[in-house]
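The values are calculated or read from the model by the stated rules, or taken from the named source; none is laboratory data. As the structure is a prediction and not an experimental result, all values here were calculated from the model. Note that we place each Cβ from the backbone using ideal geometry, even for glycine, and neighbour counts take in every protein chain shown.
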Amino acid sequence: MKRPLCWISLGCFFAAVVFGYLYPADGWIFPASALWGLLGLFFLLWGRTRPISLFFLSASFMLLFCLAFGYFHAAPARSLAGQNATLSGTVLETGNASFLLGGETEKGQSIKVQVWCSADMVPDRYQQFSGTVALSEITSTDRFDSENYYRSQDVWLQGRLLSGSFSGKTSFSLRIWPGRLNDFLCQKIRSSLPVKYSGLVCAAILGNRSYLPDGQYELFRQLGISHLLAVSGMHLTLLSGLFSLIIGRFLRKSRAKTILFMAFVLFYMLLTGMRPSIARAGMMLLLSCVAQLILRRPDPPVSLSTAVLVMILYHPFLAVHAGFQFSICSTIGVQILAGPLSQKLLSLKKAPASQGFSYLIRSCCTALCGYACAAPLTVLYDSCLIPMSIPANLCLSPLFTLFLAVSAGLVLFCAVPVLGSVFAFGVRLFGGLFLGAANCLGRIGPKPIFGSEPALLIAVVCFSAVIGYGAFQPTFRHFAAAICLAVSVSCAAVSTQAIIENRQIHCYTVAFDKKLLQIFSYGGHAIVIGHLSAQPQIEQAALELQRERVQTIDALILLPSGGNPRVSLSELTGHFSVSAVAFSSADNLSTQAAESLAGIPAYDFDGLCLTFWQNNRIHLDGEGAVSLCIGSKKLLILPADCAILYEEEPCWDLAITCWDVPPPVSADALLCARHFWGTENQNPNAYLLPYGKGVRFRLSAG
């Protein structure tokens, strides 16, 4: 049997993923472990399917290991939930109205806590904190399961800051010195380059996206090349290759060069924060170096399997970290599938292929296989498919490689007057060429295809499986049959989904401070209700409407802005057909806002009654309360409480609120913004809604 470690790693990874998504439920673990163990023994005794037996036996072992990990490692931290604890420690990361605290309780228990506070209370990184925090468990906030990210970082608790103080930054310690060196280098780079380039250098070389302009990040996402910003195998391979060339001029002994190379890889992993993607890539490189030291040839599948196995044994919840999953899938496509596929394509040509043609085929296969393996995760997590990803990777990767090389030189010599200026010029040159080419592709290329339904995921998985099958199946007839099967399954999924969508209301709400955005879409039409008093809300609304493939906004209802000038709404009115807009007569419309609403029938709140698509109705009163009828569902939106309630038969089933005022009717579930949730309104069925995060749910309209 070839590569048994690959099957062991696959079984362990599968079990860790199942455990991570179902945690903290554990009643199913012993039956599942016993069942998988018996299946493994059955296939082992059968004798012809030993890889499958290894898969089930390793999965059974991993489930028991995960259970022990949860009991001995996670449970002590989770037991503190519901308490007001006095904590002291170091601020490890900062965010929007939050910070990550690594410290300990009064009893000496070490924990990490994601602490939520007001925006003006956010401290600097590495400051010392001492105070009282109301602790609760990390919970799911939307379908992207953000708690999995925290759990993979060993953060089991979140907390609301009750009181506390911050003091000076922590003195030197081995725990934080890589982060402080990272911050120091970022400051040096920012002082020597404009913001346009410095943020890109910090993100690409040091893994620090704090200074990356929002426009650049959106451009990378639109083109499907955001992986270039995630420090991973490509970055590490290039930089370690440059380091190897440099030390090769001073050292002739291969063993000494290999040891120094391994030391550089470890240093770079620490410098960039040991994120899962860089840890996986670094571990694969280190294993390749070990293979060279013991005179063995490196094997990418075995190296990847070993790296994954070691990482999930260290922390099983890494298996549900989205970045780690993307890293594994992309590596499978680039290092395992691309080579065989390119060889099969080149073998179709009878005459020997030229060097340039061979390079083109290998590059296309690398981009295609990498995208095919990562596309299912893109659809699963981001609900979109990016057609420009493959051509953008082919066109921009060579330029980005040159940009990485000169950026690495700038990071090394930023403090040297002459060399620093030379490398800064190179960064401006190649960075300008790269960004110019990216902007050009962004203008001429097709936009991302959004879809939150399972049909798109099924279609993408089918075609990804076809590409993987084609890399190892030698006959053209079998490959053509696989394509026909994938097309048939995809068409059936899309047709079924189209029938279902016509019977559903897609509901979405998102909190921005004490302002909410609510969208109800149904059959290509939508109702948008919200304050929409800031650009992030408007951009989020446009993105959500694209996800649900909305063409017509039947009603754009602007809740009172509180006297603040209303910004332009062209992001909505310019990209979607808007049938009507309603806002308060007391609203302060700016010139840009008035221009963006020109030509659209406008209504005041008082006594508003609109009839829209398929004789559905909207009613507003003078206070801004909105009642909707979509299909057989009645929905009530109460801006005074920012509540959404929908009626299922005679009772109200769901309320969504971000205020401390309880809803006027009883509700079975309550969703709210974390920072404004009052202790007097605690509800056992509450789902906490953080700043800028959305909640989606579906209602049957029939």
Filter result (more than 30 Å from E104 (Cβ to Cβ) and either part of a loop (DSSP other than H, G, I, E, B) or assigned by TED's automatic domain parsing to the domain that holds V113 (or both)) within region 155-209: L193, P194
State all residues of region 245-276 that are assigned to a loop (DSSP other than H, G, I, E, B) and on the phi < 0 side of the Ramachandran plot; if no residue qualifies, say none. R249, F250, L251, R252, K253, T272, R275
Count of residues meeting criterion [at pLDDT below 85 and not aromatic (F, W, Y)] in region 126-157: 12
H235 fails exactly one of (1) closer than 29 Å to M388 by Cα; (2) at pLDDT 85 or above, namely (2)
Can M234 be described as surrounded by 15 or more Cβ atoms within 10 Å (Cβ to Cβ) and either out of contact with any helix residue (DSSP H, G or I) (no Cβ under 9 Å at 6 or more places or on another chain) or closer than 27 Å to R180 by Cβ (or both)? yes
Within region 16-28, is even one residue modelled with pLDDT under 90, crowded, with 17+ Cβ neighbours inside 10 Å, in contact with a strand residue (DSSP E or B) (Cβ under 7 Å, 6 or more places away or on another chain) and in a helix (DSSP H, G or I)? no
Please name all residue pairs, on different chains or six or more residues apart, with Cβ atoms under 9 Å, provided the first residue is in region 335-350 and is not in a helix (DSSP H, G or I) and the second residue is not polar (S, T, N, Q). L348/F476; K349/F357
If I filter region 270-297 down to residues being touching a Pro at 6+ places or on another chain (Cβ under 9 Å) and polar (S, T, N, Q), which single residue comes out as farthest from A230 (Cα to Cα)? Q292
Quick one: count up the residues across region 188-214 that are surrounded by fewer than 15 Cβ atoms within 10 Å (Cβ to Cβ), out of contact with any Cys (no Cβ under 9 Å at 6 or more places or on another chain) and either among the small types (G, A, S) or within 21 Å of S421 (Cβ to Cβ) (or both). 3
Could you count how many residues in region 439-460 are at pLDDT 80 or above, within 16 Å of I225 (Cβ to Cβ) and either touching a helix residue (DSSP H, G or I) at 6+ places or on another chain (Cβ under 6 Å) or not charged (D, E, K, R) (or both)? 5
Do you know which of the residues in region 513-547 that are among the acidic types (D, E) and surrounded by fewer than 22 Cβ atoms within 10 Å (Cβ to Cβ) is modelled with the lowest pLDDT? D513
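Hey, among P301, P276, which residue is in contact (Cβ under 8 Å) with a residue 60 or more places away in the chain and closer than 22 Å to S152 by Cβ? Even if it seems obvious, please write down each step before you answer.
Working: P301 fails: closer than 22 Å to S152 by Cβ.
So the residue among P301, P276 that is in contact (Cβ under 8 Å) with a residue 60 or more places away in the chain and closer than 22 Å to S152 by Cβ is P276.
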Any residue in region 461-479 that's surrounded by fewer than 16 Cβ atoms within 10 Å (Cβ to Cβ): show its pairings with residues that are among the aromatic types (F, W, Y) and at pLDDT 80 or above at Cβ separation under 8 Å, as long as the two are six or more apart or on different chains. H478/Y469
Single match in R275, R252, R280 (criterion: surrounded by fewer than 17 Cβ atoms within 10 Å (Cβ to Cβ) and among the charged types (D, E, K, R)): R252
Hits in region 221-237 (condition: more than 14 Å from L206 (Cα to Cα) and either touching a Cys at 6+ places or on another chain (Cβ under 8 Å) or in a loop (DSSP other than H, G, I, E, B) (or both)): G224, I225
Can you pull out the residues in region 31-89 that are of a type outside the set (K, R), in contact with an Asp or Glu (Cβ under 8 Å, 6 or more places away or on another chain) and in a helix (DSSP H, G or I)? L67, G70
